[in-house]
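Visitor: Okay, handing you the structure first.
The values are calculated or read from the model by the stated rules, or taken from the named source; none is laboratory data. Computed from a predicted model, the values in this text were never measured in an experiment. A quick note on method: Cβ atoms are made from the backbone with ideal geometry, for glycine too, and the neighbour counts reach across all protein chains shown. Note: accessible area is taken over every heavy atom of the protein model, side chains too, but ligands, DNA and RNA are not part of it. Shrake-Rupley method; radii C 1.70, N 1.55, O 1.52, S 1.80 Å.
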Amino acid sequence: MPLKCSIKYGKEVICFHLIYSNRKTIEISVFPDLSVVVKAPSHINYSVIEKRIKKRANWIKKQQKYFEQFTIKTSTRSYIGGETHLYLGKQYRLKISVGNISEVKLTRGYFLISCKNEIKPEKVKQLMDNWYREKAREEYEKIFYQCWPYFEKLGFSKPQIKIRQMKTRWGSLSKRGNLTLNLDLIKVPKECIEYVITHELCHLRHYNHSADFYNLLEKFMPDWKRRKHKLELTFL
């Protein structure tokens, strides 16, 4: 279980979730919901972690400030006509109408949403969520099979793909062979989804974030840093 921690940096307090694991390095991540997750080797002294966070404090605050400017946009979704929503890194406006059936179609730069009988924001949201989940299944499978041949040649067993909403992670790979991907990835560019899937598949060989892990990631995806940066700057 992650530990809820905080440190004082000047006049500010940095709160973060601390996860100890069998790894060699400290990793600090800032997510679009402004949360900070620190992964550290299980044997390391807490004072070393504090020192690292203070060293990266400016970067952490900068990332949070960037994501913060989009918080209002994402938290006040009204699901009304004219509002914009993301799909694979592009924005599309909603066009909502009453129809014989309830459905969502994406065409000519618009989400065309038909609501049976009457238009209600909660119904539009439900339709959008279902549409995103369906498209996520299609796109994630397609991208996975583009990435998988490299790892199949190494003799690994194919993971089972699962999709769910996650607040602090883009993806994860369990030791049982489950590749879990964040539903919100369907809103970011395809190259970012490719990065997340490739990143997680590299854990088949190195279940950590050691130098060997990053060497393998670099081998399969030389521009992974650019993709990771683009992912971090994509508002959801």
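Visitor: Grab the Cα-Cα distance for SER42 and LYS142, subtract it from 0.36 nm times how many residues apart they are, and report the gain in nm with one decimal. Don't skip to the answer; put the middle values down first.
Guide: Values: separation 100, 0.36 × 100 = 36.00 nm, distance 3.65 nm.
That pair, SER42 and LYS142, stretches by 32.3 nm at full extension.
Visitor: Related question: Largest first, what is the accessible-area ranking of ASP184, ASP212 with a 1.4 Å probe?
Guide: The residues order as ASP212, ASP184, largest area first.
Visitor: Using a simple spin-label model with points 7 Å from Cα along the Cα→Cβ vector, what separation in nm is obtained for ALA57 and LYS167?
Guide: It works out to 2.5 nm between the two label points.
Visitor: Percent of accessible area on the chain owned by carbon and sulfur, 1.4 Å probe? Don't jump to the answer; show the numbers that get you there.
Guide: Numbers: 6780 of 13780 Å².
Carbon-and-sulfur percentage of accessible area, whole number: 49.
Visitor: Relative contact order (percent) for segment 81-176, with alpha-carbon contacts under 8 angstrom and 6 or more residues of separation?
Guide: Relative contact order for segment 81-176 comes out at 15 percent.
Visitor: Heavy-atom accessible area of LEU34 with all protein chains present, probe 1.4 Å, nearest 10 Å²?
Guide: The value for LEU34 is about 50 Å².
Visitor: Kindly provide the GluC sites (Glu not before Pro) of segment 69-148 that DSSP labels as loop, not H, G, I, E or B, and whose Cβ sees at most 11 other Cβ atoms within 10 Å.
Guide: Here the GluC sites (Glu not before Pro) that fit, given the DSSP loop and packing criteria, are GLU118.
Visitor: Using θ = phi - 60° and the Karplus relation 6.51 cos²θ - 1.76 cosθ + 1.60, list the HN-Hα couplings for segment 165-180 in order, rounded to whole Hz, with x at every Gly or Pro.
Guide: After applying 6.51 cos²θ - 1.76 cosθ + 1.60, I find 7, 10, 7, 10, 9, 7, x, 7, 10, 8, 5, 7, x, 9, 9, 9 Hz.
Visitor: Keeping all protein chains in place, calculate the accessible area per residue for segment 1-49 (probe 1.4 angstrom), answer in Å².
Guide: So segment 1-49 comes to 60 Å² accessible per residue, rounded to a whole number.
Visitor: A follow-up question, please. In straight Cα distance, which lysines are under 24 Å from LYS123, not counting same-chain residues fewer than 8 positions off?
Guide: Candidates past the 8-residue exclusion: LYS73, LYS90, LYS95, LYS105, LYS135, LYS167, LYS187.
Visitor: Right, another one. Quick one: dipole size for the chain, taken about the Cα centre, charges +1 on Lys/Arg Cβ and -1 on Asp/Glu Cβ, in debye to the nearest 20.
Guide: For the chain, the charge dipole is close to 520 debye.
Visitor: Given the -39500 (n - 2.57) contribution per DSSP H run of 4+ residues, what per-residue ellipticity at 222 nm results for the chain, rounded to the nearest 500 deg cm²/dmol? Provide the component values of the computation, followed by the final result.
Guide: Working: 6 runs with 93 residues, N = 236.
That calculation yields -13000 deg cm²/dmol at 222 nm.
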